[in-house]
Each structure stands twice: as C-alpha cells, then as structure tokens.
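The values are calculated or read from the model by the stated rules, or taken from the named source; none is laboratory data. Keep in mind it's a predicted model, so treat the numbers as computed, not measured. Cβ placement follows ideal geometry from the backbone for every residue including glycine, while neighbour counts extend to all protein chains displayed. SASA here: full protein model, heavy atoms, side chains in, ligands and nucleic acids out. Shrake-Rupley method; radii C 1.70, N 1.55, O 1.52, S 1.80 Å.
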Amino acid sequence: MQDRRDVIIVGAGIIGLCSALSCARRGLRVTVVDRAPRQRDGCSFGNAGMIVPSHFIPLAAPGMVTLGLKWMLDPESPFYIRPRPSLDLLRWGLGFFRAASAARVDRAAPVLRDLSLLSRQCYEELGFDIGLVKKGLLMLCKEERTLEEEAHVAQRAEALGIPAQVLDARQTAAADPGVTMYVHGSVFYPLDCHLSPSRLMTALETELETMGAELLHGHEVQGWEKGTRNGRALLTGLRAGNRLLSADEYVIAAGVWSDEMAQHLGLRLTMQAGKGYSLTLTSPRRLPELCSICTEARLAVTPMDGALRVGGTMELAGMDESISHRRVRGIIRSFPKYFPDFTEADFSGLQPWSGLRPVPPDGLPYLGRTRLWANLTVATGHAMMGLSLAAATGRIVADFVTDSTPPLDLALLSPDR
Ligand SMILES: Cc1cc2nc3c(=O)[nH]c(=O)nc-3n(C[C@H](O)[C@H](O)[C@H](O)COP(=O)(O)OP(=O)(O)OC[C@H]3O[C@@H](n4cnc5c(N)ncnc54)[C@H](O)[C@@H]3O)c2cc1C
C-alpha cells in the first residue's frame, strides 16, 4: 500500500479509470477511490458502448426545447422531466434554454468533434485488447422527414471533417445484411465504433493493477482537508471511509454525484441525473454487425460479444435509479418497429438496467482546473457521451495533473463557466 500518492481520483467510472490510466502511464502513483464495491453496475457498465464522433451536436440544441415539451405528454416517450419544486432543476432548465441556440451549437460542435476524434485515437492506441469494433454506425430513420433532417446533420458532419453517407432503404439493408431493418433510410458514420463497456472496464482495471495503481473500492469520500500554498487554496487530503488519504493532485470524476462533492469545496457543477435504461438479449434471434440509433425513438442498439443491447430514454427525475416500467415499455415497443425480426415477447422476463448520466445544462463536459483550488481537476458531465469521450478526457486530465498543455482549446468546458 502506498503512503503518499501523486494523484487521487474520486470515482471509478469510465472517466475515473481512463484518467487513472493516463496518469499512471506518465509515471504517477495513482489511487482511485470509489464508494461502490468492485462488482458494480453503474452508469459506465450498462450503457450502449458506442464511441461516436458522429455525435458532435450537444443535447442542448435548437428544436430540443419544443421536442422535449411535446414528449413530456407521452408516458412512453424517450425524454421526460419529472415536474418537482427544485431550484437546481430550475437553474438547469434556464441553462439548457440559454444554451439551445444555433450560435452556441456552432461553437460547441468543433470542440466535441476534436474531443471525439482524439478519444477514438486514444482507444485505438491503448495497447491492450478492449474488443473495439470499428465498423461504423447507422442512424436509422423510419420517416422521410427524419431522413431529410439527418441528411442535413450529415452535411454538417462532412463540413467538420467527419465522414457521413446518406443511404436509402436498399443501401441500408446492404450495409448490414444479417438483420432486417424497416426504415426509410439511414446515415452511415464509418468512423463510429462500439464495444462492450463491462469488458472495457475490466480491461482498464486489470491494466491499472498491473501498473501498480491502487483501486480503493467501498470507500466513500466524505470530506476534504484544506490548506494554502503561496497564497493559493490547496487540497491537502480527503477522508474516505475511516481513512485519511493525501496526494499532490486530486481529480473529481464522480459522475452525477460530482456536484454534491464539489459543493463541499465551494464549487457548483450544475447537472441533472439523466436516467436511461438498457435491456440485453443474450441470445438474440439475429445479430446486427453495426451499432445503430433508431432516430425517432432515440434508441441505441449495439451488438456486444454475441449479445444485443437496446438502450435509451433520458428521464430527469432526480437521483432516483428506480425503474419506470412505462419508459422501459416504450423501448420494448419501439425496437421491433425498426427491427421486425424481433418481437416484444423477446424481452419478456429480462431485467432492465438503469443508469444515471451526468447531464450539464449546455451538454458539454466539465473538464479542467478550477479557479478556487490549485491542485484540483474536474472531469465530469459527459452526459450521453461518457464512454465515447473518456479516453481523451483521461489524457487531458493527465495533462492538467502534470501541468502540461492539453492538445485542444478547452475554454468552453471550463468547470468555472
Ligand atoms: C442507457 C444509457 C446508454 C448510454 N450509452 C452510451 C454510449 O453508447 N456511449 C457513451 O459514450 N455514453 C453512453 N452513455 C453515457 C455514459 O454511460 C456515461 O456518460 C458515463 O458512464 C459516465 O461515466 P462517469 O465515470 O462520469 O460516471 P459513473 O460511471 O457514474 O462513475 C462515477 C463513480 O463515482 C463514484 N462516486 C460517487 N460519489 C462518490 C463518493 N462520494 N465517494 C466515492 N465514490 C463516489 C460512483 O460510485 C461511481 O462509480 C449511456 C448512458 C445510459 C444511461
């Protein structure tokens, strides 16, 4: 067991583990602290496993406010805000409304593109097997109008240097002949990838332990020790379980719980928990080769080592991980409409999984140093793209921790914004 560490990372989700790996590879002594046991199944495990440079438009985008209000009236819709008296929710809603402008999206898109492409490259270069499947993604569209809208997005993607091809129904069928897709057409994004998130998490933990990093599970961070150096406020330790741990540098990567943690340090990381569900067919009738998004239903469909995972829904209902069977029913009803080889009965008896995404109002992660604390880095708020952006996030966290210059302009992601 190490006594003094170079860096302590709070949170052993995908962001924490990727940050730990990048720090360990720079020769730092790393400890990762997580309150959950080693066998856990939080947000970084049951997700759809997609690495998606195609997702360069943040959640807060023009049209989303109207669409969200329409969906609120449908109990099986993919988006829902549980109305509740909450100042945090009000602050988040105002932030979302302000961010959902064309000008803002124009500024955010190149940043998300750069982060995504860097992340894809970092995953490719990890140097151990993570089961990365580099076959691309189909945005499946049942309606002609949706395909037209997605074709506009594809044009923007091309303009940003992300290859995209608009396919009609026949071309879509030819792109993945092992499964029937009942659609008007699709957009194919060849750079997108997929993998099994659990396999990735296990591979990262194994690699970290091989490198001598310490993974402290079952230790909840309950408080911080503070001091000063050269007139600047500094973190000098943290209390986790019955232990006092100290390091030169600290990283908060505690997913949707990061805001609560940051508030103990006088910081605000405004976020809502965006609950989503997934169902995994272990012996599917058919296995697509490509991952896909059922665009109108907002479903993500991913083949994973012989299984097939279907996930979706963005439900803002507070820190509540309970399963809404109505929303899960919405997923089960929508899926066979796109993939008619399957029936709703295929899902009977399956235990749905739920996870809480950390969703900031403007749809951009919080990534960087803060003004208040000289030795703290924040890495959270990746919403629907935590897995996708994790490898790049880890690399950038290691840049901050070692006082190196990150390879991208991260002003829009500042935790102080
Ligand atoms: C249905 C669904 C599908 C998704 N599909 C995709 C996808 O295809 N691609 C993609 O990129 N993203 C996807 N996502 C989003 C992705 O799963 C998340 O963005 C990502 O998992 C967030 O990772 P994280 O490390 O920030 O947080 P988490 O995985 O939540 O990890 C945070 C960790 O912090 C720990 N923690 C919290 N508080 C404390 C404390 N006080 N002390 C110690 N530890 C603490 C928690 O125990 C937890 O382990 C999906 C999400 C859902 C719900």
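Only Lys, Arg, Asp and Glu carry charge here, each on its Cβ (+1 for the first two, -1 for the last two); on that basis the stretch 338-417 has a dipole of about 400 debye about its Cα centre. The distance between label points at Arg417 and Leu69 comes to 2.5 nm (points 7 Å beyond Cα on the Cα→Cβ vector). In terms of the mean number of neighbouring beta-carbon atoms within 10 Å, the peptides 24-33, 268-277, 63-72 order highest first as 268-277, 24-33, 63-72. Using only side-chain charges placed at the Cβ, +1 for Lys and Arg and -1 for Asp and Glu, the dipole size of the stretch 323-383 relative to its Cα centre rounds to 280 debye. Rg of the Cα atoms in the stretch 262-417, relative to 2.2 N^0.38 Å, amounts to 1.25. Relative protection proxy for 408-416, 335-343, 85-93, 395-403, from highest mean packing down: 395-403, 335-343, 408-416, 85-93 (other beta-carbon atoms within 10 angstrom). How large is the translational diffusion coefficient of the stretch 234-317 in µm² per second when you combine the Kirkwood radius over alpha carbon pairs with Stokes-Einstein at 10 °C and 1.306 mPa s? Translational diffusion coefficient: 96 µm²/s. The Cβ shell under 13 Å around Glu260 holds other residues with a net charge of -1, Lys and Arg each +1, Asp and Glu each -1. For the chain, the fraction of 1.4 Å probe accessible surface lying on carbon and sulfur atoms is 52 percent. The slack in the chain from Ala103 to Leu160, taken as 0.36 nm per residue of separation less the alpha-carbon distance, amounts to 19.0 nm. Projecting the Cα positions of Leu115, Leu73, Cys141 onto the charge dipole of the stretch 1-145 (unit charges on Cβ atoms of Lys, Arg, Asp and Glu, taken about the Cα centre) puts Leu115 furthest along the positive direction. Distances between placed amide hydrogens fall under 5 Å for Arg357 paired with Gly274, Lys275, Gly276, all partners being 5 or more residues away or on another chain. The magnitude of the dipole of the chain, with charges of +1 and -1 set on the Cβ of Lys/Arg and Asp/Glu and taken from the Cα centre, is near 820 debye. Lysine pairs in the chain whose alpha-carbon atoms fall under 25 angstrom of each other, counting only those eight or more residues apart or on distinct chains, come to 7. Once amide H atoms are placed 1.01 Å from N in the peptide plane, what residues at a sequence separation of 5 or more from Phe79, or on another chain, have their amide H within under 5 Å of its amide H? Long-range HN contacts for Phe79: Met314. Put simply, the Cα atoms of the stretch 1-149 extend 55, 43, 32 Å along their principal axes, the longest span coming first.
Taking every alpha-carbon pair under 8 Å whose residues sit at least 6 apart, the chain reaches a relative contact order of 27 percent.
Treating each Cα of the chain as one equal point scatterer and applying the Debye formula with no solvent, the log10 of I(q)/I(0) at q = 0.08, 0.11, 0.14 Å⁻¹ comes out as -0.41, -0.80, -1.31. Think of a 1.4 Å ball rolled over the protein heavy atoms: the chain then has 42 Å² of accessible area per residue. The residue list Ser283, Tyr366, Leu200 was ranked by how far each Cα lies along the charge dipole of the chain toward its positive end, using unit charges on Cβ atoms, and Tyr366 comes out on top. For Ala240, the residues whose amide H sits under 5 Å from its own are Gln222, Leu245, ignoring neighbours fewer than 5 places away on the same chain, with H placed 1.01 Å from N.
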